[in-house]
Amino acid sequence: MKYKGIIFDLDGVICSTDKYHYKAWKKIADQLEIPFDEEMNDKLRGVSRMESLELILQNGEKVYSNGDKQTLAEAKNLYYQKLLKQMSSKDLSEVVQNTLYALKRKGLLLGIGSSSKNTKLILERIGLLNFFDCISDGTMIERSKPDPEVFLKAAKLLKLLPAECLVVEDASAGAEAAYKGGFDCAGIKAAREYSHITYQLDHFEDLITYIEDEYE
C-alpha cells in the first residue's frame, strides 16, 4: 500500500467549528465597528489567529499597535473557547467516526495536522483526544498554513516520510501546505478545487475507496 499514515486537518474535516469562529470574530469586529460577514469568515479557513485578525483589520480605518492586536486576538480566543464548551460528541458525525475507525482497522497511522491552538480542547469535547496516533497543532509551530510545517511535524511524529502520508484538507491554504511539504492530498469542500490536489472527495467516506484502491 502506498500510504502508511493519514494526516487530517481538524476544523472542517473531522468536525466543524465555523459557527463558533464566526461568532467570536463577529463580536470583535462589531466592537471595532468593522464589517464582518460569513463570506469574510470563509476566507479565514486554515489561517492563523493573528493572520485572521490582520485580514479583518484591513477592512477598518484605524491602525493598531502590536500590543493592541495581541489583546484583540486573546479576547477573540477567550470568547471562542467559551463557545467551544458547547461542543460534545454530537458534533462528531457518525460517518466521520465510522470512517476513522475503518481506516484504523486497515492498520493506518492517523494523525491531526491543525494550525489551531485549541486542537486538543476540540478533540476532547468530541471524544477523540486519545484516538489519534499523533497531534500536531498550532502550539507546536511557528508558521501556519500554507507553510507545510504542521504537516511535516505530524509526519515526523508518526515516524513516516511525507510520501508515505496522505493529507486530508478542506481549505486551499491547507492543500497548498500539503503540496509544498511533498504530501499527496485529498481535498474536500474548497480544497477540492486546488490545482495540485491528488484526490477530490465529494464525501468524507470516499477516503475508504481511495485507500482500498491502493491495496489493489
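The values are calculated or read from the model by the stated rules, or taken from the named source; none is laboratory data. Owing to the predicted nature of the structure, the values given are computational and were not obtained by experimental measurement. Don't worry about glycine lacking a Cβ; one is built from the backbone with ideal geometry, like all the others, and counts go over all protein chains shown. Remember, those area values only see protein heavy atoms, side chains included, never the ligands or the DNA or RNA. Shrake-Rupley method; radii C 1.70, N 1.55, O 1.52, S 1.80 Å.
Things worth noting here:
- Residue in region 7-30 that is of a type in the set (S, T, N, Q) and modelled with pLDDT of 95 or more present: no
- Matching residues in region 141-151 - criterion: being hydrophobic (A, V, I, L, M, F, W, C) and crowded, with 22+ Cβ neighbours inside 10 Å: Val150, Phe151
- Those residues of region 13-41 which are under 20 Å from Tyr194 (Cα atoms) and either surrounded by 21 or more Cβ atoms within 10 Å (Cβ to Cβ) or free of Cβ contacts under 8 Å to residues at least 12 places away in the same chain (or both), in sequence order: Val13, Ile14, Glu39
- Of all residues making up region 165-213, the number that are charged (D, E, K, R), open to solvent by 50 Å² or more (accessible area, probe 1.4 Å) and under 20 Å from Leu108 (Cα atoms): 3
- Scan of region 105-130 for residues that are open to solvent by 20 Å² or more (accessible area, probe 1.4 Å) and either touching a helix residue (DSSP H, G or I) at 6+ places or on another chain (Cβ under 7 Å) or touching a residue at least 12 places away in the same chain (Cβ under 8 Å) (or both), ordered by number: Lys106, Leu109, Ser115, Ser116, Lys117, Lys120, Leu121, Arg125, Gly127, Leu129
- Across region 42-69, the number of residues qualifying as free of Cβ contacts under 8 Å to residues at least 40 places away in the same chain, open to solvent by 40 Å² or more (accessible area, probe 1.4 Å) and in contact with a Leu (Cβ under 9 Å, 6 or more places away or on another chain) comes to 4.
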